[in-house]
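Below is one structure, written out as structure tokens; the observations come after it.
The values are calculated or read from the model by the stated rules, or taken from the named source; none is laboratory data. These numbers come from a predicted model, not from an experiment. FYI the Cβ positions are ideal-geometry reconstructions off the backbone, even for glycines, and counts take in every protein chain you see. Areas reflect the complete protein model, heavy atoms only, side chains present, ligands, DNA and RNA absent. Shrake-Rupley method; radii C 1.70, N 1.55, O 1.52, S 1.80 Å.
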Amino acid sequence: MTQPQPTTPTISKLQATKLQVRRVWALSKPYFQSEEKWRARLLLAAIVTLNLALVYMNVLFNDWNRLFYDALQEKNSAVFWEQLGRFTYLAFAFIAIAVYKFYLTQLLEVRWRAWMTRQYMGRWLSNQSFYHFELARYASAAQNTNSLANPDNPDQRIQEDVSQFTGLTLSLSMGLLNSLVTLGSFVGILWTLSGSFSFSLMGSDYSIPGFMVWMAVLYCGVGSVLTHLIGRRQIGLNFQQQRVEADFRHRMLRVREYAESIALDKGESVERSQLESRFGKVLTNYLALLSAQKQLVWFTSFFGQAAVVFPFVVAAPRFFSGAIQLGQLTQIAGAFAQVQGALSWFVDNFPNIAIWRATTDRLTGFEAAFGSVGSVGYANATVQDSTPGVTDLNLSLPNGALLLAHTGLQTANGDRILLKGPSGSGKSTLFRAIAGIWPFATGAVQRPHDVMFLPQRAYFPEGSLRDALAYPAPANQYTDATLQAALTHALLPHLADQLDTSDAWGQKLSGGEQQRLAMARVFLKKPAWVFADEATSALDEAAEATLYERLTALVAAQNGGLVSIAHRPGVVAFHNRQWLLERQDEMGTQAPDGAAPVSPLFKLSEKAL
């Protein structure tokens, strides 16, 4: 379900601008202070220099306009051909500067994007952040709250938002610099050329020096204010558009991921309805954005077209009176266009500013999410050469409901423990806490170095079978004979000759084959302790018994142990202890912030087999 757009307190326009600048600086500064800082700073300095050079070229072209058109008016062929020759080398210089400005800007953008992408990917894939983000998002949805610190679609933020942020930050900042320098360069020219505007009012004579400059300021000031008033809705709509687009894309990826299950359940109509619902949100928001853009285009088109003739209308009386020549008129118009273009930077770039604001907000939220990882719960895990155990463990669900309170568990080498309890009692959640990936837990956890966790549905990367089997270790650590022996031991001898076959093994193999392949990983890596969460639920009883027999023999040989979650009675024979989760409180109690957890839903005790 698409989450509502986060709300922020109402702040003034100046405060909003300062906040945006601080956010952009916070996102940009790390790259320009990173290991690539000197290359990045040199590229930025070169781009700034080339922008300044382009402004200087425009000043030269403005002066060329006066000389060229005066030569036409005076029918001076010598000056005409001389100025054509001058135009040739000015044009070549302008083209060379423009090409290298474009190239170096794109080069800095791609290097900046590559650095930020690597940084975000590294942080996203460190400390199980990718997992905790999903838990935080589900908790937020369960509590009907939302926050920038609970990011939706991290893949989009890394792939799309980083690209937009680096590109728009460079283009907008260089465009603003270009406008400021252009304004400083041409406002003096326009002030000198435009002369004074004299008029009489109520018997008194008045004169306004640099009249065209003031007209440009007035024209663009009014245009900027109206542009902001007309286009400000686009900021929120762009933020929401990125979100609903990503939600729609994510839903389609889910259909691909669970294609077989959907086909077996004949769930096409349901998925189509879900996709149409999400695409409907895409269209609804896009049409609202389109309407806002149309209103802005109406105004900016009128603003741009009027700017073409405006300087000629204002300067025409002086031209027709003979005070200025055609060349000066064109120079005035050109200088006015440069000043007006510089002052219209906000008007011309407002759509991109709206996208940039939305992208910056999303990346700022992404940064906040990384900072919040680890701030809620987490049992104090100690990884050492000891048997697994927990002390004073408090275990909660993402919505705050307390599952277990002040729970202690101890194991010994040689233990084969069966964990049982009703569905939803927290068996898998207890495994996650012991593994150190469940953030909604407090207490102390002891976990040995040599341990493996087997989920009910294991993950297999796309690629060769040897990579899927060895994951996450490099496959070249194992010989072909070792890999084949593990497959055979896990009742997959028919795959032993397919080590170099590349495929989507998580989709190609049946559920039982996937569980046997996960078991083959255990036989390959030979851990001392194994935590198996319904790891044989898709197998027939004979295959399950065979694999459990081999699994118990493996952990016994490694002087370790086994903890299983299973429901079939045939599995009981392979265990010598039983932990039982029993319901204690039908409703349960959510612990208030900062208070000790009370009234857990379940209690854990040891029962005889």
Please indicate, with yes or no, whether at least one residue in the stretch 156-168 is open to solvent by 50 Å² or more (accessible area, probe 1.4 Å), in a helix (DSSP H, G or I), modelled with pLDDT of 75 or more and among the hydrophobic types (A, V, I, L, M, F, W, C). no
Taking the stretch 484-501 as the search range and keeping residues that are assigned to a helix (DSSP H, G or I) and in contact with a Lys or Arg (Cβ under 8 Å, 6 or more places away or on another chain), which one is least open to solvent (accessible area, probe 1.4 Å)? ALA486
Where residues in the stretch 392-418 are among the aliphatic types (A, V, I, L, M) and either more than 26 Å from PRO527 (Cα to Cα) or out of contact with any Ser or Thr (no Cβ under 7 Å at 6 or more places or on another chain) (or both), which of them is surrounded by the fewest Cβ atoms within 10 Å (Cβ to Cβ)? ALA401
Given the conditions (1) open to solvent by 40 Å² or more (accessible area, probe 1.4 Å); (2) under 29 Å from LEU44 (Cα atoms); (3) out of contact with any Asp or Glu (no Cβ under 9 Å at 6 or more places or on another chain), and given that ARG111 satisfies all but one, which numbered condition is not satisfied? (3)
From the set of residues in the stretch 502-514 that are among the polar types (S, T, N, Q) and surrounded by 14 or more Cβ atoms within 10 Å (Cβ to Cβ), which is nearest to the chain's Cα centre (by Cα)? GLN507
Any residue at all in the stretch 504-522 that is modelled with pLDDT under 95 and touching a Gly at 6+ places or on another chain (Cβ under 6 Å)? no
Give all pairs with beta carbons closer than 6 Å in which a residue from the stretch 74-97 that is farther than 19 Å from GLY327 by Cα meets a residue that is assigned to a helix (DSSP H, G or I) and of a type in the set (A, V, I, L, M); count only pairs at least 6 apart in sequence or on separate chains. PHE94/MET57; ILE97/LEU50; ILE97/ALA53; ILE97/LEU54
Could you go through the stretch 182-190 and let me know if any residue there is modelled with pLDDT of 80 or more, under 26 Å from the mean Cα position of the chain (by Cα), surrounded by fewer than 19 Cβ atoms within 10 Å (Cβ to Cβ) and part of a helix (DSSP H, G or I). no
For ALA481, indicate whether it is more than 38 Å from the chain's Cα centre (by Cα), of a type in the set (Gly, Ala, Ser) and surrounded by fewer than 16 Cβ atoms within 10 Å (Cβ to Cβ). yes
Just to be sure, is ASN65 farther than 22 Å from LEU42 by Cα, in contact with an Asp or Glu (Cβ under 9 Å, 6 or more places away or on another chain) and not hydrophobic (A, V, I, L, M, F, W, C)? no
Cβ pairs under 6 Å, 6+ apart, first in the stretch 404-432 and within 15 Å of ASN576 (Cα to Cα) and among the polar types (S, T, N, Q), second assigned to a strand (DSSP E or B) and modelled with pLDDT under 90: GLN410/GLY389; THR411/GLY389
In the stretch 567-585, is there at least one residue being under 42 Å from the mean Cα position of the chain (by Cα), closer than 22 Å to LYS526 by Cβ and touching a residue at least 60 places away in the same chain (Cβ under 8 Å)? no
What pairs can you find where one residue is in the stretch 170-186 and in contact (Cβ under 8 Å) with a residue 12 or more places away in the chain, the other is part of a helix (DSSP H, G or I) and of a type in the set (D, E, K, R), and their Cβ atoms are less than 8 Å apart, with a gap of 6+ or different chains? LEU170/GLU109
Taking the stretch 562-586 and the residues there that are assigned to a strand (DSSP E or B) and at pLDDT below 90, the one that is least open to solvent (accessible area, probe 1.4 Å) would be GLU582
Looking at ALA475, ALA545, ALA538 in this structure, which one is within 30 Å of ALA608 (Cα to Cα) and either touching a residue at least 60 places away in the same chain (Cβ under 8 Å) or under 40 Å from the mean Cα position of the chain (by Cα) (or both)? ALA538
Can you name the residue in the stretch 397-413 that is in a strand (DSSP E or B) and in contact with a helix residue (DSSP H, G or I) (Cβ under 9 Å, 6 or more places away or on another chain) and is also farthest from PRO448 (Cα to Cα) among such residues? LEU403
Is it true that ALA468 is in a helix (DSSP H, G or I), at pLDDT below 95 and open to solvent by 60 Å² or more (accessible area, probe 1.4 Å)? no
Conditions: (1) open to solvent by less than 80 Å² (accessible area, probe 1.4 Å); (2) at pLDDT 90 or above. TYR100 meets all but one. Number of the miss? (1)
Single condition ALA216 does not satisfy, out of (1) more than 29 Å from the chain's Cα centre (by Cα); (2) on the phi < 0 side of the Ramachandran plot; (3) open to solvent by 30 Å² or more (accessible area, probe 1.4 Å): (3)
Mind checking which residues of the stretch 437-459 are more than 12 Å from PRO388 (Cα to Cα) and open to solvent by less than 30 Å² (accessible area, probe 1.4 Å)? TRP438, PRO439, ALA441, GLY443, LEU454, ALA458
Could you say which residue among THR330, THR284 is of a type in the set (S, T, N, Q) and surrounded by 18 or more Cβ atoms within 10 Å (Cβ to Cβ)? THR330
Residues to consider are THR359, THR330; find the one that is assigned to a helix (DSSP H, G or I), touching a Phe, Trp or Tyr at 6+ places or on another chain (Cβ under 8 Å) and over 30 Å from HIS228 (Cα atoms). THR330
For the stretch 51-64, indicate whether the set of residues that are without any contact (Cβ under 8 Å) to a residue 60 or more places away in the chain, open to solvent by 50 Å² or more (accessible area, probe 1.4 Å) and part of a helix (DSSP H, G or I) is non-empty. no
Lone unmet requirement of (1) part of a helix (DSSP H, G or I); (2) at pLDDT below 90; (3) surrounded by fewer than 19 Cβ atoms within 10 Å (Cβ to Cβ) for SER126: (1)
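So, ASP540, is that one touching a helix residue (DSSP H, G or I) at 6+ places or on another chain (Cβ under 6 Å), modelled with pLDDT of 90 or more and open to solvent by 20 Å² or more (accessible area, probe 1.4 Å) or not?
Details: touching a helix residue (DSSP H, G or I) at 6+ places or on another chain (Cβ under 6 Å): no; modelled with pLDDT of 90 or more: yes; open to solvent by 20 Å² or more (accessible area, probe 1.4 Å): yes.
No.
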